[in-house]
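Only one structure is covered here, and it is reproduced in the block below.
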Amino acid sequence: MRVLFTISDLGLGGAQKQVVELARQLARYGNAVAIYTLNGVAPRAAELAGSGVEVLVDQKRSKLDVQVLARLRRFIRDWRPDIVHGFLFDGDIYARIAAFATGIPVLNSERSDNYEISATQRLGHFLTKGMVDGVVANTGSGSRFARKLYGYGADQMHVVWNGMHVEDLERRAVSDADHRREFFGPGEHKVATLVGAIKPAKDYHLAIETAAHLVTTAPEWRVLFLGDSLSPPVPGYKAGVHSNTSDYKDAVMRHYESAGLSGRVTFAGARNDLPAIVKQSDVLFVTSCREGFPNCVLEAMVLGVPVVSTDYSDIAQILPRAGQVVATRSPEAIAAAIVAAHRDRNAIVAEQKQWVRTHATIEKATENLERVYRQYIRPDPVAKPA
């Protein structure tokens with residue numbers, strides 16, 4: 001089959017990572033795959049070199065750039081995909097409009113839950129709702145939320161959990177560097193790591209409070225934050241209320257500086273060697289208040305690192321032990337769960353790896369997605385020549 005992904009950008013976010021992984025695996029299975037980005041921020045494009053996936057990087061200059069829409073529509077008619085699959089808000093809307101009346105089925109994606117949308121976004125969704133055939137959510141929670149918010153029918157919703165290329169991740173995690181020493185100097189430290197862009201959904205303020213409690217009550221612990229605000233928006237294009245913004249990052253850093261945690265808690269920014277750093281951590285923790293299926297959690301599970309998380313989305317179905325999911329948004333409770341997870345590290349690691357092998361390899365995710373595509377592919381879409 002021929003699959004076209006449309007996405008806002010190919011930056012370092014979780015949705016972008018999954019698009020890259022799915023595209024590569026679809027290509028390995030013999031499918032023709034193309035990715036059309038609506039923003040010039042595309043660092044992940046390099047990950048597709050030699051994969052056979054075609055990448056087209058465009059740059060919209062406004063929320064609804066008619067020139068980009070025209071170029072995307074032209075590509076759809078020339079390349080003739082069997083299905084167009086949008087990711088993120090812009091990718092969803094542009095896919096709907098550009099493929100309208102071509103006869104090619106359009107799928108959208110739901111990557112989170114419990115968020116709010118602006119009046120403009122709500123209008124865009126409802127004006128174009130009839131142009132989308134189905135929606136692929138990466139969690140059951142997101143699927144239920146999308147049905148409630150947008151009014152999709154049950155038959156339009158499909159859940160495909162994220163997948164991880166296990167062997168590739170394990171290979172990239174091999175390193176001779178001593179990251180504990182790099183970040184915290186000599187000593188027998190235990191390290192709890194949080195991975196994620198500095199944006200409201202990750203609740204970095206709760207993360208800082210958790211770090212402060214952990215290093216104060218258990219002095220052998222150190223806390224590492226990996227991630228930064230994502231790429232700045234194009235001038236004139238305003239970020240949404242739930243997006244990462246410079247204002248949010250500034251507030252987080254002020255909170256960190258006022259807590260007096262320097263030396264024991266470190267912000268390391270975005271790193272290319274993230275898998276190796278995570279592998280050398282003792283626990284990965286998550287303080288998100290809303291999110292879809294977290295890639296960083298899957299990566300830690302693959303790499304043999306116990307995970308502790310706040311309760312959101314499908315996380316309680318992902319982590320094998322109830323004690324790994326903290327029901328209250330309490331820094332004290334999260335810190336205690338981190339210590340407990342480290343104590344039971346070996347058993348938790350074994351259970352996590354088994355869960356990934358059963359439910360969340362990239363092979364399984366791709367095969368599930370192909371099954372969804374086959375439900376929609378039409379034998380003679382209008383865009384194809386007679």
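Just so you know, all these numbers are worked out from the coordinates, no wet-lab data involved. Remember, it's a predicted structure, so these values are computed and weren't measured experimentally. With ideal geometry, Cβ positions are generated from the backbone for all residues, glycine too; neighbour counts draw on all protein chains shown.
Here the extension length gained between Ala101 and Gln317 equals 73.8 nm, from 0.36 nm per residue of separation less the Cα-Cα distance.
Restriction of the GluC sites (Glu not before Pro) in the stretch 165-208 to DSSP coil positions whose beta-carbon has at most 14 other beta-carbons within 10 angstrom yields Glu188.
Computed from Cα positions, the angle between helix 140-150 and the longest principal axis of the chain comes to roughly 50 degrees. Overall, the chain carries a charge dipole of about 880 debye about its Cα centre when +1 sits on the Cβ of Lys and Arg and -1 on the Cβ of Asp and Glu, all other atoms neutral. Sparsely packed loop sites in the stretch 15-111 (the trypsin sites (Lys or Arg not before Pro) outside DSSP H, G, I, E and B with at most 14 other Cβ atoms within 10 Å) comprise Arg61, Lys63.
A cut-off of 5 Å between modelled amide H atoms, ignoring neighbours fewer than 5 places along the same chain, links Trp221 with Lys190. For the stretch 166-359, what class follows from the C-alpha gyration tensor (a ≥ b ≥ c being the square roots of its eigenvalues): rounded when a/c is under 1.5, otherwise prolate if a/b is larger than b/c, else oblate? Because its axes are fairly even, with a/c under 1.5, the stretch 166-359 counts as rounded.
Any idea which of Val166, Val57, Ile277 is furthest toward the positive side of the dipole for the chain, if Lys and Arg beta-carbons carry +1 and Asp and Glu beta-carbons -1? So the residue we want is Val57. Using a basic spin-label model with each label point 7 Å from the Cα along Cα→Cβ, how many nm lie between Ala350 and Ile117? According to this spin-label approximation, the distance is 4.6 nm.
Of all lysines in the structure, those lying under 30 Å Cα to Cα from Lys129, and not within fewer than 8 positions of it along the same chain, are Lys17, Lys60, Lys63, Lys148, Lys199, Lys202, Lys238, Lys364, Lys384. What is the chain by shape, rounded, prolate or oblate, if you read a ≥ b ≥ c off the alpha carbon gyration tensor as root eigenvalues and call it rounded for a/c under 1.5, prolate for a/b larger than b/c, and oblate otherwise? Cα axes put the chain in the prolate bin.
Taking a ≥ b ≥ c as the square roots of the eigenvalues of the Cα gyration tensor, the stretch 1-156 is rounded, since a/c falls below 1.5. Taking every DSSP helix (H) stretch of at least 4 residues in the chain, weighting each as -39,500 (n - 2.57) and dividing the sum by the residue count yields a mean residue ellipticity at 222 nm of -12500 deg cm²/dmol. Rounded to the nearest 20, the size of the Cβ-charge dipole of the stretch 166-359 about its Cα centre is 80 debye, with Lys and Arg at +1 and Asp and Glu at -1. On a 0 to 90 degree scale, rounded to 10, what angle separates helix 362-376 from the longest Cα axis of the chain? Its long axis makes an angle of about 30 degrees. Using the Karplus relation 6.51 cos²θ - 1.76 cosθ + 1.60 with θ = phi - 60°, the per-residue 3J(HN,Hα) values for the stretch 277-293 come to 5, 4, 4, 8, 7, 8, 8, 9, 10, 10, 10, 4, 9, 7, 4, x, 8 Hz, with x marking Gly and Pro. With respect to the chain, whose longest principal axis is taken over its alpha-carbon atoms, helix 204-217 is tilted by about 20°.
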